[in-house]
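Only one structure is covered here, and it is reproduced in the block below.
We did not get these values from a lab; they are worked out from the coordinates using the rules stated. Because the structure is a prediction, the values reported are computed rather than measured. Cβ coordinates were reconstructed from backbone atoms using ideal geometry, including for glycine residues, and neighbour counts include every protein chain displayed.
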Amino acid sequence: MAKKKNFPLRIDPKLYDILQSWSKDEFRSVNSHVEYLLRESAMKAGRLPKTEDKKIGED
C-alpha cells in the first residue's frame, strides 16, 4: 500500500459535526469518510485515470 499524504484541514465546526455523524453511520472514521467522499467525487468528475480507480479504492 502506498504511503498516504498528510495535510492540515480547516473545516467549519458544524460541517465537521455532520461529517462525524455521517461517518459513524457508515462505520468509518471521519478521516476515511472524507477520503471516501473525495474519491467518489473525483471518480464522478472523471478525474481519476481508469487504471487508478481500482488501486485508489483498495485499502
What are the chymotrypsin sites (Phe, Trp or Tyr not before Pro) within the range 7-39 that DSSP puts in a loop, where the Cβ has at most 12 other Cβ atoms within 10 Å?
Phe27
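Just flag the trypsin sites (Lys or Arg not before Pro) in the range 1-47 sitting in loop per DSSP whose Cβ has no more than 12 other Cβ atoms within 10 Å.
Loop-located and lightly packed - Lys3, Lys4, Lys5, Arg10, Arg47.
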Can you sort Leu9, Leu19, Leu38 from fewest to most other Cβ atoms within 10 Å of each residue's own Cβ?
Leu9, Leu38, Leu19
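Around Ser23, under 12 Å between beta carbons, what's the net of Lys plus Arg minus Asp minus Glu among the other residues?
Net local charge, Ser23 excluded: -2.
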